[in-house]
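Inspection log for the structure reproduced underneath, given as structure tokens.
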Amino acid sequence: MSIASSIRSQFAPIHPEGYVFVGAFALASLVLFWIWPPLGWIGTAATVWCAYFFRDPPRVTPIREGLVISPADGRISRVVNAVPPADLALGNTPLPRISVFMSVFDCHVNRSPVAGKVERIAYRAGKFLNADLDKASEDNERNGLVIVLPNGTRIGVIQIAGLIARRIVPFVREGVSVGAGERIGMIRFGSRVDVYLPEGVRPMVAEGQRAIAGETVLADLRAVDSGRAFRIG
């Protein structure tokens, strides 16, 4: 590998959704340099951050029937049982829910947690509360997907806009088939993704743990597991 190739491999590509934003930041930086150089350097730093925010690094996804993979980069903020939103049509029984909170420094490209068919997409306008709050699941703008596995098992995925986020961008539509780890959308500038598991499935992650979209295993639908203990430190 050449030196140039080695250097390029250290930088993640920018998702096309970010081109216009990075370009706008870069143009503003040039104007700021013309006005006053110190402002231009601030604009340059903001441009670099914008490019970093819209990064879309490749991921190595474990492929095996039953594995549920994290759809988002970030911190596991909640592992609870909760009733899914009615628009997902997953019933009124509390289901295991894993919430992944994405800060403005996390990669915001979301990936499918399982391989299956997108049975339902339900968008709902709402507020822009801090996505780390539990009530954000009900009150905030959100885009919900129900993915059906070949055996009929349904997994709910909800993209939730946050305090800074102002747009959820879906990459898929109802009726299409997706693979585990495949890109399904993104949320701009800080947000959260909830995953609803089938009743009785035990999560394999804990609150406070870091998750990597397309790589971290959240649960195993085939496992007969008595639960896991976690150590912090």
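What to note about this one:
- Cβ-defined net charge surrounding Ile76, 10 Å radius [Lys, Arg +1; Asp, Glu -1]: +2
- Protection-proxy order for peptides 146-158, 173-185, 33-45, each taking the mean of Cβ atoms within 10 Å per residue, highest first: 146-158, 173-185, 33-45
- Neighbourhood charge, 13 Å Cβ-Cβ cut-off, centred on Val172 and excluding it, Lys, Arg +1 and Asp, Glu -1: +2
- Separation between Cα centres of segment 174-205 and segment 59-127, rounded to whole Å: 3 Å
Coordinate-derived values only; no laboratory data. Just so it is clear, the structure is predicted and the values come from calculations on it, not from any experiment. Backbone-built Cβ (ideal geometry, glycine too); neighbour counts: all protein chains shown.
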